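What follows is one structure encoded as structure tokens, with my remarks underneath.
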Amino acid sequence: MSHSEHWAKPFPFLSPEAIAQMEMLPPLYEEWNAQINVISRKDQEGIWERHILHSLCLGGIMPHRPGLHVLDIGTGGGFPGIPLAIAFPSIHFTLADSIGKKIKVVQAIVDALGLKNVTAVHERAERLKGPFDVVVTRAVAPAATLRSWVRHSWTKNPNAALYALKGGDLSEELKGMKAKLFPLSDILEGEFYTTKYVVRIPAK
């Protein structure tokens, strides 16, 4: 079994083109990380597990109808947005971060891969007006804060929702919210994923 068949198995939505582009990410990040430190050395070594596959867990859970507009809040070096944009070329992704050097790296990687469905924005989440059908994010802030940042950014889509990659005991954080948890251990094996979830929080 080749490496790609092995890691791509839990993600049946990936095309052969997407798999090939995904495999270009580690060397691209290594090159950029040497110039501008966007992910830690430990994370660079574990880039598949901690970043690429972790991001792709959203792919089977979030809607992916062509033409949707997705916002990635606090994208950092481009996660989860870049792997998702590779996976779903017919969806438009806006990747936002308040740190300029991170967006510089995101833009460089988007350009290197020739991704036409990504807009990289140096901006705080609460200043983005949208409209967005889906918001994705990874452990950037508590759920209530995330929701307040994007409360004016939603489309009229009745299924509009926030999908956050989070970990640990979330009972206190999600109290009183109509949140649904999807355990990542249902998708991927390994200790890293045992206490991690995709949390879906409806826009309304």
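What's the total number of residues in the range 184-195 that are outside any loop (DSSP other than H, G, I, E, B) and within 15 Å of Gly59 (Cα to Cα)?
Selection size over the range 184-195: 3.
Please go through the range 1-34 and pick out each residue that is part of a helix (DSSP H, G or I), at pLDDT below 95 and charged (D, E, K, R).
Those that are part of a helix (DSSP H, G or I), at pLDDT below 95 and charged (D, E, K, R): Glu5, Glu30, Glu31.
Among the residues of the range 161-204, which ones are touching a residue at least 60 places away in the same chain (Cβ under 8 Å), touching a Phe, Trp or Tyr at 6+ places or on another chain (Cβ under 7 Å) and among the charged types (D, E, K, R)?
Correct list: Arg200 only.
Considering every residue within the range 21-43, establish whether at least one is under 15 Å from Trp7 (Cα atoms), of a type in the set (Gly, Ala, Ser) and out of contact with any helix residue (DSSP H, G or I) (no Cβ under 7 Å at 6 or more places or on another chain). Working first, answer last.
First pass over the range 21-43, keeping only residues under 15 Å from Trp7 (Cα atoms): 21-26.
Filter once more, so that each one left must be of a type in the set (Gly, Ala, Ser): none.
Looking for residues that are under 15 Å from Trp7 (Cα atoms), of a type in the set (Gly, Ala, Ser) and out of contact with any helix residue (DSSP H, G or I) (no Cβ under 7 Å at 6 or more places or on another chain), one finds none in the range 21-43, hence no.
Go through the range 86-108 residue by residue and tally those that are in contact with a helix residue (DSSP H, G or I) (Cβ under 7 Å, 6 or more places away or on another chain) and over 15 Å from His122 (Cα atoms).
2
Does Ala161 satisfy being out of contact with any helix residue (DSSP H, G or I) (no Cβ under 8 Å at 6 or more places or on another chain) and surrounded by 13 or more Cβ atoms within 10 Å (Cβ to Cβ)?
On the way: out of contact with any helix residue (DSSP H, G or I) (no Cβ under 8 Å at 6 or more places or on another chain): yes; surrounded by 13 or more Cβ atoms within 10 Å (Cβ to Cβ): yes.
Spelling it out, Ala161 is indeed out of contact with any helix residue (DSSP H, G or I) (no Cβ under 8 Å at 6 or more places or on another chain) and surrounded by 13 or more Cβ atoms within 10 Å (Cβ to Cβ).
Being more than 25 Å from Tyr197 (Cβ to Cβ) and either crowded, with 23+ Cβ neighbours inside 10 Å or touching a residue at least 60 places away in the same chain (Cβ under 8 Å) (or both) narrows it down to one residue among Ala125, Ala85, Ala112; which is it?
Selected residue: Ala112, the only one of Ala125, Ala85, Ala112 that is more than 25 Å from Tyr197 (Cβ to Cβ) and either crowded, with 23+ Cβ neighbours inside 10 Å or touching a residue at least 60 places away in the same chain (Cβ under 8 Å) (or both).
Checking the conditions here, which among Arg41, Arg50, Arg65 is of a type in the set (Lys, Arg) and surrounded by 17 or more Cβ atoms within 10 Å (Cβ to Cβ)?
Details: Arg41 fails: surrounded by 17 or more Cβ atoms within 10 Å (Cβ to Cβ); Arg65 fails: surrounded by 17 or more Cβ atoms within 10 Å (Cβ to Cβ).
Unique residue meeting the criteria: Arg50.
Taking the range 122-145, which residues are over 18 Å from Gly78 (Cα atoms), under 16 Å from the mean Cα position of the chain (by Cα) and either part of a helix (DSSP H, G or I) or of a type in the set (Gly, Ala, Ser) (or both)?
Ala143, the sole residue that qualifies.
The values are calculated or read from the model by the stated rules, or taken from the named source; none is laboratory data. Just so you know, these numbers come straight off a predicted model, no measurement behind them. Note that we place each Cβ from the backbone using ideal geometry, even for glycine, and neighbour counts take in every protein chain shown.
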